[in-house]
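One structure is given here, and the rest of the page talks about it.
The values are calculated or read from the model by the stated rules, or taken from the named source; none is laboratory data. Computed from a predicted model, the values in this text were never measured in an experiment. So basically every Cβ, Gly included, is an ideal-geometry build from the backbone, and we count neighbours across all protein chains shown. The protein model used for the area step is the full one, side chains on, heavy atoms only, and it has no ligands, DNA or RNA in it. Shrake-Rupley method; radii C 1.70, N 1.55, O 1.52, S 1.80 Å.
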Amino acid sequence: SYGTNEQILAEVGDEVVTQRTVAQVIQAQMRNQQMAPQVVEMMLPQVVNQIVGELATAYEAKRLGLSVTDQEIVQTIQTLMPHLFQGGEFTGREAYQATLAQMNSTIPEFERKVRQNILLEKLQRIAFDGIVIPPAEVDAELKKKSEKVQLSVVKFDAEEIKKTLKPSVDELKAF
């Protein structure tokens, strides 16, 4: 569904990064004052790498069996664009399209991006949940580090003991 005049910059699984995709990201960042026009050329490679990284992560999330339901997409859009849901009711496709057109996007592009972001969030949650250390393990480690060792030290003079020891020849051979 990509136009023949769109140059593909990268492919990740069945997704592609086009010049248009990169331009949309840069325009959004400039609109949100996250990027100054003077640095666009310098930031271009980083933007492409960021997009490719996000697509690769979403691809891995799908490969691991993670998915996004249509309901999750609707809930996310309600959070991002509450003005489209007056009184909890969707105001209509036309208003949705008009909002996205102002962002230089289409419904399929936007919803694909929302789906990708939800996948990324799910994968991040799994990664961070994997870092949680069970309380029993924390307790065991604390106990191990706080245990004290009882040590008795006996001081003696080796020369004095040598004087009192008179081993026999047999004892020396056995030793």
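The figures follow:
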| quantity | calculated |
| --- | --- |
| Test result for residue 113, basic (Lys, Arg), assigned to a helix (DSSP H, G or I) and more than 17 Å from residue 28 (Cα to Cα) | no |
| Subset of segment 73-94 that is part of a helix (DSSP H, G or I), loosely packed, with under 15 Cβ neighbours inside 10 Å and not polar (S, T, N, Q) - its residue that is farthest from the chain's Cα centre (by Cα) | 94 |
| Where a residue in segment 112-131 is over 12 Å from residue 72 (Cα atoms) and touching a residue at least 60 places away in the same chain (Cβ under 8 Å) and its partner, wherever it lies, is open to solvent by 30 Å² or more (accessible area, probe 1.4 Å) and hydroxyl-bearing (Ser, Thr, Tyr), with Cβ under 6 Å and at least six apart | 120/57 |
| Residue within segment 10-20 that is touching a residue at least 24 places away in the same chain (Cβ under 8 Å), part of a helix (DSSP H, G or I) and open to solvent by less than 60 Å² (accessible area, probe 1.4 Å) present | no |
| Among (1) within 25 Å of residue 14 (Cα to Cα); (2) at pLDDT below 90; (3) not aliphatic (A, V, I, L, M) - the single one residue 116 does not satisfy | (2) |
| Hits in segment 28-69 (condition: open to solvent by 90 Å² or more (accessible area, probe 1.4 Å) and closer than 20 Å to residue 124 by Cα) | 49, 59, 62, 63, 64 |
